[in-house]
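Read through the structure below, which is laid out as structure tokens, and then see the notes.
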Amino acid sequence: MVNLRGFVLAVFFCRSSASAVRGYASVGCLVGVSFFFAGCASYNSQTSAPGPALTVSANSFNFNTVVVGQSATQTLHLTNSGNAPLQIASISLSNKEFAISGPSLPRTVLPAISLDYTLEFAPTTAGNASASLTITSNAPHSPAALSLAGISEKVVVALQVIPTSISFGNENLQSTATQNVTLQNTGDVNITINGVTASGSGFGYSDLSPGFSLSPNQQVTFQVWFRPQTSGAALGTVSILSANLTSPETVSLTGDGVSSTPTPPPAPSPAAQPTVQLTWNASSSVVAGYRVYRSSTSGNFYSPLFSTPLNALSFDDSTVTSGDTYYYVVTAVDDNGVESLYSNQATANVPAS
């Protein structure tokens, strides 16, 4: 016995026709049958099963060119594009010149939620660099692999000096001529000016203090001056010192000291004029110049030899008399006119002619 409970039999139509050829009647029936199981749910093949899915913002990252010792960063977005929690177990890199930072792992990411990580390229050697970034998770096709690339170049340290030589031409005695000098950092790293020196009689500089730092492409301008004390040609050099440079950068200086009045004819058989030559060490502070004092008594009654501070570390006193003894001290004067205490006393015994 066949149990038809739970089934439906449907007959759609039946058609009869007469055949004149053969002289008999035939019946043709078209039967359609449909079955279903009572109480059973239907299955939709278009609906996917629940599960996590990992979507990354890019499959590759190119950091282009980075100088050794510096770094560049890019952002990696990770998104759970599925419909179940995403479990990110770990993220690893195959090259130590690349690094990643961001939320700690392992971590659970809910659907439609994103995480941001920072990728960094910090090369230590010059050349091409590449790495593979691997993300391990419970998403399909795990682990996911991303490629990273960059080019590193050597650090360039360069300081450009404009101009490299200065001619002051003719300059009257005791008058001052100035010229500008520009320093520009044309390298890749900061350059710190550790010191500036001026050599040569009558030459000096201003407006540039040790410790000044120049970042890449930055420039600074300072002044070089010439104040001749004696007639004739003078040669000098300004040197810029920096621990970043293998050797100092220099500016060559030339000038001629001339008298503002016609030179009188020489006196007949004059006695040689004695001169006391004084030198001293530079002050450790920033100063506008130095002032020289003289006395004929040791330890007292010093008088300045000039009123305007001298921006030099030497002075020739040609106003002494043969056979006399003189006592000298030096002070430093800042831009506000504040004067330091006397230096130690120097004694000069001028020989008799």
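The values are calculated or read from the model by the stated rules, or taken from the named source; none is laboratory data. In this text, all values refer to a predicted model and were calculated from it rather than measured experimentally. Reconstructed Cβ throughout: ideal geometry from the backbone, glycine too, with neighbour counts over all protein chains shown.
So which of THR125, THR136 ends up being part of a strand (DSSP E or B) and without any contact (Cβ under 8 Å) to a residue 60 or more places away in the chain?
Values: THR125 fails: part of a strand (DSSP E or B).
The conditions single out THR136.
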Here's a check for you: in the stretch 160-174, which residue that is part of a loop (DSSP other than H, G, I, E, B) and either touching a Ser or Thr at 6+ places or on another chain (Cβ under 8 Å) or among the small types (Gly, Ala, Ser) (or both) is nearest to PRO216 (Cα to Cα)? THR164
Quick check on VAL157: is it at pLDDT below 95, within 28 Å of the chain's Cα centre (by Cα) and either assigned to a loop (DSSP other than H, G, I, E, B) or in the same structural domain as LYS96 (by TED's automatic domain parsing) (or both)? yes
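So, of the residues in the stretch 209-234 that are closer than 21 Å to SER167 by Cβ and of a type in the set (A, V, I, L, M), which turns out to be surrounded by the most Cβ atoms within 10 Å (Cβ to Cβ)?
Residues of the stretch 209-234 that are closer than 21 Å to SER167 by Cβ, as a first pass: 221-234.
Checking the rest, the ones that are also of a type in the set (A, V, I, L, M) come to 224, 233-234.
Numbers: VAL224: 23, ALA233: 9, ALA234: 20.
Residue satisfying both the conditions and the ranking: VAL224.
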Could you identify the single residue in THR65, THR136, THR73 that is more than 26 Å from ASN190 (Cβ to Cβ) and either among the polar types (S, T, N, Q) or surrounded by 15 or more Cβ atoms within 10 Å (Cβ to Cβ) (or both)? THR136
Unmet criterion (only one of (1) of a type outside the set (Lys, Arg); (2) outside the structural domain of ALA177 (by TED's automatic domain parsing); (3) modelled with pLDDT under 90; (4) touching a strand residue (DSSP E or B) at 6+ places or on another chain (Cβ under 6 Å)) for GLY289: (3)
Filter result (of a type outside the set (S, T, N, Q), in a strand (DSSP E or B), touching a Phe, Trp or Tyr at 6+ places or on another chain (Cβ under 9 Å) and crowded, with 18+ Cβ neighbours inside 10 Å) within the stretch 294-335: ARG294, LEU310, PHE315, TYR327, TYR328, VAL329, VAL330, ALA332, VAL333
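Which of the residues that make up the stretch 175-189 are part of a loop (DSSP other than H, G, I, E, B) and loosely packed, with under 14 Cβ neighbours inside 10 Å? Quick ask: steps written out before the conclusion?
Of the residues in the stretch 175-189, the ones part of a loop (DSSP other than H, G, I, E, B) are 175-176, 186-189.
Across the stretch 175-189, the qualifying residue is only SER175.
Considering the stretch 50-83 alone, what residues qualify as being of a type in the set (A, V, I, L, M, F, W, C), within 18 Å of PRO140 (Cα to Cα) and either assigned to a strand (DSSP E or B) or at pLDDT below 95 (or both)? Spell out how you get there, then give the answer.
Here is the first cut: in the stretch 50-83, the residues of a type in the set (A, V, I, L, M, F, W, C) are 53-54, 56, 58, 61, 63, 66-68, 72, 76, 78.
Still in the running and within 18 Å of PRO140 (Cα to Cα): 53-54, 56, 58, 78.
Answer for the stretch 50-83, where residues must be of a type in the set (A, V, I, L, M, F, W, C), within 18 Å of PRO140 (Cα to Cα) and either assigned to a strand (DSSP E or B) or at pLDDT below 95 (or both): LEU54, VAL56, LEU78.
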So, of the residues in the stretch 235-251 that are out of contact with any Leu (no Cβ under 8 Å at 6 or more places or on another chain) and not in a loop (DSSP other than H, G, I, E, B), which turns out to be surrounded by the most Cβ atoms within 10 Å (Cβ to Cβ)? VAL251
